[in-house]
Amino acid sequence: MNKISITPTKKTIGASLDIYKRMMEECRNERIVTKSTEEAGIILDIKREDEIHPYISGNKYRKLKYNLIEAKAKGNNTLLSFGGAYSNHISALSYAGKKFDFETIGVIRGEELGTALGETLKNNQTLKFAHENGMRLKFISRAQYRLKESVEFIADLRDEFGDFFLIPEGGTNSFAVKGCEEILTPKDRDYDFICVSVGTGGTISGLINSAFDGQKILGFQSLKGDFLEDEIRKYSTENNNWSLINDYHFGGYAKINKNLISFINEFYQQTTIPLDPVYTGKMMFGIMDLIKKNYFKRNSKILAVHTGGLQGIAGMNQRLLKMKLPVICL
């Protein structure tokens, strides 16, 4: 599949994204063949959503699509959202804002990052990229960050920055779910299982809503906690076609170990498909482990959704070097 080039335009954002939607019908499913899949009699494909765009990758473009359309329809040219220091969402939002003529504001967890901004931008490729795309960065304490959904905190941000279109952390809201409902296409009808990593719940909600009859959606949690089920039910229409698997979060959000690193590197060597360590890497580790444990019946057809997130690998490798652990080699 040819990668999509997104360039600035004076046409409406809606028209631009209509063109994009038609092109996305061609997003390819790539076959994964291993000793485990062959012995288990399993067909395993991976939907290469990571190839959507080099900077607005995977589910981030899906989540942003209708948020951008809604913001433009309301005549609001400023987007504000939240994220951590290595946020895929912040990275993608900054680039989308630049290309589609929106001002962007990123409220970043960790006020210490703002005390020496030059040093932060030198050492953090995600924030450097966002800054270069014109995003205004506001660093706040972790205590403040926990208040990010409160009416009072949002009001304070409006007092500081003026009017803006608010996009939640991770991009998940009803507009994001609508975009994620477009991931599956008619060519995906014959799969028995659709697998996806789960962070804030928006992507899996879209898949739940758009799944074909008889399909089971398996969500592989990237973080610990039981709160995700309520969040997913808030946005999904079906109650019996999905389940969460919480055995492969490796201790919590952005937590990894040598086993996961080795798996990601070996998977890339065998398939040339890159996996990120926070989301898709954990999902694929879980799928392969479940195949070995005969979780799936023989002749099952599995489609794993690659949600992108590869930009965060550089930051993770910095952490791994400090921990004196092997790095992710892509």
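The values are calculated or read from the model by the stated rules, or taken from the named source; none is laboratory data. Fair warning: this is a prediction, and the values are worked out from it, not measured in the lab. Note: ideal-geometry Cβ built from the backbone for every residue, glycine included; neighbour counts use all protein chains shown. Side chains included, ligands, DNA and RNA excluded: accessible areas come from the protein's heavy atoms. Shrake-Rupley method; radii C 1.70, N 1.55, O 1.52, S 1.80 Å.
Below are the figures for this structure:
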item	result
Unmet criterion (only one of (1) within 16 Å of the chain's Cα centre (by Cα); (2) closer than 16 Å to residue 87 by Cβ; (3) modelled with pLDDT of 95 or more) for residue 139	(1)
Which listed residue is open to solvent by 30 Å² or more (accessible area, probe 1.4 Å) and within 30 Å of residue 216 (Cα to Cα), from 149, 182	182
Residues of region 185-214 classified as free of Cβ contacts under 8 Å to residues at least 40 places away in the same chain and open to solvent by 10 Å² or more (accessible area, probe 1.4 Å), total	9
Filter result (within 18 Å of residue 312 (Cα to Cα) and touching a helix residue (DSSP H, G or I) at 6+ places or on another chain (Cβ under 9 Å)) within region 256-266	256, 260, 261, 263, 264
Residue within region 95-107 that is touching a helix residue (DSSP H, G or I) at 6+ places or on another chain (Cβ under 7 Å), outside any strand (DSSP E or B), of a type in the set (Ser, Thr, Tyr) and touching a residue at least 40 places away in the same chain (Cβ under 8 Å) present	no
Any pair with Cβ under 8 angstrom, 6 or more apart, that starts in region 296-308 at a residue that is at positive phi and ends at one that is buried (at least 22 other Cβ atoms within 10 Å of the Cβ) and basic (Lys, Arg)	308/60
Residue satisfying all of: in region 102-132; touching a Gly at 6+ places or on another chain (Cβ under 7 Å) and under 19 Å from residue 167 (Cβ atoms); most open to solvent (accessible area, probe 1.4 Å) among these	103
Only listed residue being assigned to a helix (DSSP H, G or I) and modelled with pLDDT under 95, chosen from 66, 61	61
Check on residue 223, under 21 Å from residue 43 (Cβ atoms), open to solvent by less than 40 Å² (accessible area, probe 1.4 Å) and either of a type outside the set (Val, Ile, Thr) or modelled with pLDDT of 95 or more (or both)	no
